[in-house]
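Values quoted throughout were computed directly from the atomic coordinates according to the rules given, and no laboratory measurement underlies them. Computed from a prediction, not measured in an experiment: that's the story for all the values here. So basically every Cβ, Gly included, is an ideal-geometry build from the backbone, and we count neighbours across all protein chains shown.
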Amino acid sequence: MDKILKNISDILKFEKKFHNRKFVLNEEISFISPFENLKEEVLKCSSCPIYKTIKNKVFGTGPIDAKLMIIGEAPGVDEDREGLPFVGRAGEKLTKMLEYIGISRQDVFIANILKCRPPHNADPTPEQISNCFPFLKKQIQIIRPKIILTLGRYAASVVTGGSSLRMADYLNRDLTSIFFSIPVISTYHPAVLLHSKGEKLETIRKQMAKDLKRLKSRMDKIC
């Protein structure tokens, strides 16, 4: 994890290519231009060898003026096939999570810290995270959500700059993003609901319900 943080620190110091890039806009060009420019950069990226193994880059989807941004870990098989985030069984769980607190998925921007699916759905590596980090930062900079919901330990760690990969270290806490000081609430990745059973599943469900209620309460105050 220290390697991830060092790489991220280096990127923050030498981010001129991404953070300080000047986009020339005039009255005839819509605000979508920098966003489409960024998307093109993602689609052309070949920094990681895994780009050769995927079917589609998964940039993210949703309104660019979304008040809520949800950030997961990495695309899965279904997402790689469709080129969209959270379209598989975990995506169905996410939709139900949002409905639970009265939020339409259409009003949320959804992305992952990685834009390519790691082979065999492996955990993100420090190199992969570092290569995708500038893209995620630029997405957040353009969207400027009022609040971020992270799903899973890797998303929580990367977005908040935390050194821990223990999910428990990010639950029930008022967190802030490492860039732009945006409020962050973290919860489990919905895929956990598909792989857990018995008492463990019930405990996770209760925690996620608690996290979602906290999210809704914060949104009602700041949005």
query = Where the only charges are on Cβ atoms (+1 Lys, Arg; -1 Asp, Glu), what is the dipole of the chain about its Cα centre, to the nearest 20 debye?
reply = 380
ask   = Taking every DSSP beta bridge that has both residues in the chain, what percent is antiparallel when rounded to the nearest 5?
value = 20
key: Value of [θ]222 nm, deg cm²/dmol, for the chain, DSSP H segments ≥ 4, -39500 (n - 2.57) each, nearest 500   = -14000 deg cm²/dmol
request  = With N set to the residue count of region 94-162, report its C-alpha Rg divided by 2.2 N^0.38 Å to two decimal places.
outcome  = 1.20
query = Listed highest first by mean packing, meaning other Cβ atoms within 10 Å per residue, what order do 75-84, 202-211 come in?
reply = 75-84, 202-211
task = Take each of the peptides 91-104, 139-152, average the number of other beta-carbon atoms within 10 Å over its residues, and list them starting from the highest.
result = 139-152, 91-104
remark   = Scoring the chain by relative contact order with C-alpha pairs under 8 Å, at least six apart, yields a percentage of 22
Centre separation in Å (Cα based) which lies between region 39-114 and region 160-223 = 18
query = Hey, what do the phi angles of region 181-189 turn into as Karplus ³J(HN,Hα) couplings, whole Hz, using 6.51/-1.76/1.60 and θ = phi - 60°, x for Gly and Pro?
reply = 6, 8, x, 10, 10, 10, 8, 5, 5
